[in-house]
Structures are given as structure tokens and as C-alpha cells.
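The values are calculated or read from the model by the stated rules, or taken from the named source; none is laboratory data. As the structure is a computational prediction, the values presented were derived from the model and not from experiment. Cβ placement follows ideal geometry from the backbone for every residue including glycine, while neighbour counts extend to all protein chains displayed. What goes into the accessible areas is simple: the full protein's heavy atoms, side chains included, and nothing from ligands, DNA or RNA. Shrake-Rupley method; radii C 1.70, N 1.55, O 1.52, S 1.80 Å.
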There are 2 protein chains.
Amino acid sequence: MRVKQLADAMGVTSDTVRYYTRVGILNPNRNPANGYKQYSQQDKNRLRFALRARDLGFTLADIVQIVTHAGRGDSPCPIVRRLIEQRFADIEARFQDTERLYGRMQKAMQAWQAMPDEEPNGEMICALIEQWEKP
Amino acid sequence: MRVKQLADAMGVTSDTVRYYTRVGILNPNRNPANGYKQYSQQDKNRLRFALRARDLGFTLADIVQIVTHAGRGDSPCPIVRRLIEQRFADIEARFQDTERLYGRMQKAMQAWQAMPDEEPNGEMICALIEQWEKP
DNA sequence: CTTGACCCGTGTCTTAGACACAGGTTTATA
DNA sequence: TATAAACCTGTGTCTAAGACACGGGTCAAG
């Protein structure tokens, strides 16, 4: 199948398929008649794997490592275990960071809505931000 | 004050001070003797404002807009109100995305630890990822 | 006067694609 | 069969918020 066909089948854009090809996750053959990329069923499986791993928080660099080792016949075992531990810690930290940010913003919004009575204006907001304390 | 002095005073790196200068948040004078940037107390105040706004989820582009309008004597009011609404929606979406990602990863980790009995190996993890269903 | 710490501007790198461009190919329709 | 729409190719640039490197100039203490 060609780029768009694969992209549509997996629910991504053509650019994503091309990008995953560029970085080495997909390895299409070339149609000798016109030079177009030809994706096999194996590419489709790899793309499905890649998208699921991405949804679990792995980076594309992680995925490239995994599929490269898998393709060489090596067991991706130690790599994958290390990556899982690493990404889990990353996502946990990111989650907590975002949670704190969200909390700060909620508090700021509440402070804004608790402003005296008039509509808040730009200066008041700027003053609010300026007086804001580090969490 | 010079770059490093300001950076140290505000707890950021010199690169950050230079970057904020590049994008127009800070406007140092130049020391004519050597061409070095000379930051004033107003720059320090601006940097403090910028860092607090950043901690509240505003982008640097947002901050540039705000301080540019403030510097021109315009009221930043309508801009700031629009930005606040925009960023609050952004952070809310980001928080929920990260929360979902964190949940998916937690479930994956639990599934991994609930694996039969042996140590999990790479193939098993890959199989887990492959069979993983979209949330 | 030397040494180490600081400064300068400029340029490149990072993620995960999105978008644009100029031109070649395929496919459906008239 | 001609043409137009939709597709394809590679290449290059852009995103956010700095980090890092380079080659060279400047400052302070010893």
C-alpha cells in the first residue's frame, strides 16, 4: 500500500507516515516504476505498534530503538525494561507538574473572579500576576 | 546589572536572560565602554513578572504581548483577558491529556506486574504493547 | 601578568510532526 | 482520450523555550 492508504487505515496523516519512515520505524520498498514507497503488512503492524507505544508515553526515539533491536533479531528485553521505567518516571513527573500548574491557574482564576465587583481590567490582572507568589 | 547578576538574582540561567532579551521582554541598555548589556531595576521587575506569568501557564509570546502593550502605555486589558481564557482552556486540556496518559501508563505497569510469575522479558512487554487497546 | 570567570553574538539542536513548494503520477470523469 | 482532481516525490522551513557550543573579547583577584 502507498502512503495515504496506510495513513488512512491507521487514522493518521500522510505526514506522520512519512515522518515515521524518515526516522526508520517504517521501511517501505520502492515501486521501481515510479519510485513511490510501498508499505507491506509488516509496516502496518509496526505502525500499529508504534502508535500504541506512543499512546503509552514512549517517545519516537524509544520506539526506533525497540523496533531496530527487534528487527535485528535481538531481544529488546533489557532496553524495553529500562525504557519503561524511565518513561513511567517521566510521565509521573509530567503529570504532577501539570497538576500543580492547573492548580495554580485555578487559584488564579478564582482570585480573579473574587475581585471586588467591577469587571476586572488589564491592570488588575497584571497586578494579580505580579503579586502572585511562587507555589 | 549584567546578565549573570540578574540571572542569579532571579534564579534562572544566563541563557534564559539572554533569550528573554532576544524576544523583547527585557530591554537592557548597552555599556558604551564594552557593549555589555546593562539591566535596570525595571528589567528586573519585568523579569519577575514574566517568570510569574510563565508559572501561571502563559507562553513567552503571551508575555511579550502583554509587556509590549504595557510599555506603550496601552491598557493590556482586553489582551490579557483573552489570553487568560485561552490559557486556562489550554492548561485544562493539557491536564486532562496528561491525566489520561498517566492512567494508561499505570494500567500498563499493573498489567506488567501482574504477568504470570517469571520476570517479564522484552517480548512479553512488546506483546503487551501490541495488544494494548486504545483507551 | 596570568588565570579563571565572565561577557559578546551567532548558530545549531531538541519533539513530533505541519505546512509549503515545485513538479511528476494516477485515477475518475466527461 | 483528454483533462482535472487527487495523489505522490524530496526538500526545506517552522513550531517553544531555552541548552549548548564556538571563537574571541573583558574583568577581577592573586
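Could you tell me how many of the residues in the range B:1-16 are among the small types (Gly, Ala, Ser) and more than 12 Å from DNA strand D (Cβ to nearest atom)? Don't jump to the end; show me each part of the working.
Our first condition is that a residue be among the small types (Gly, Ala, Ser); within the range B:1-16, this holds for B:7, B:9, B:11, B:14.
Subset that is more than 12 Å from DNA strand D (Cβ to nearest atom): B:9.
Adding up the residues that qualify gives 1.
Could you grab me the full set of residues in the range A:48-65 that are within 16 Å of DNA strand D (Cβ to nearest atom) and of a type in the set (A, V, I, L, M)?
Initially, the range A:48-65 is screened for residues within 16 Å of DNA strand D (Cβ to nearest atom), giving A:59-61.
Answer for the range A:48-65, where residues must be within 16 Å of DNA strand D (Cβ to nearest atom) and of a type in the set (A, V, I, L, M): A:Leu60, A:Ala61.
Of everything in the range B:17-36 that is of a type in the set (Gly, Ala, Ser) and near DNA strand D (Cβ under 8 Å from one of its atoms), the residue that is nearest to B:Phe49 (Cα to Cα) is B:Gly35.
Could you please let me know if B:Tyr20 is touching a residue at least 24 places away in the same chain (Cβ under 8 Å), open to solvent by 60 Å² or more (accessible area, probe 1.4 Å) and within 13 Å of DNA strand C (Cβ to nearest atom)? For B:Tyr20, the condition - touching a residue at least 24 places away in the same chain (Cβ under 8 Å), open to solvent by 60 Å² or more (accessible area, probe 1.4 Å) and within 13 Å of DNA strand C (Cβ to nearest atom) - is not met.
Which is under 23 Å from B:Gly103 (Cα atoms), at pLDDT below 90 and within 11 Å of DNA strand C (Cβ to nearest atom), of A:Ala53, A:Ala33?
Working: A:Ala33 fails: under 23 Å from B:Gly103 (Cα atoms).
The conditions single out A:Ala53.
Right, B:Asn27: in contact with a strand residue (DSSP E or B) (Cβ under 8 Å, 6 or more places away or on another chain) and open to solvent by 20 Å² or more (accessible area, probe 1.4 Å) or not? Answer is no for this residue.
Kindly provide the set of residues from the range B:34-58 that are in contact with a Phe, Trp or Tyr (Cβ under 7 Å, 6 or more places away or on another chain) and open to solvent by 50 Å² or more (accessible area, probe 1.4 Å), ordered by number. It would help to see each step written out before you state the result.
Initial filter on the range B:34-58 (in contact with a Phe, Trp or Tyr (Cβ under 7 Å, 6 or more places away or on another chain)): B:47, B:50, B:52, B:56.
Selection gives B:Arg52 alone.
Screening the range B:1-107 for helices (runs of 4 or more DSSP H) wholly inside it with 1 or more residues that are at the interface with chain A (Cβ under 9 Å from one of its Cβ atoms) returns the ranges B:41-55, B:60-71.
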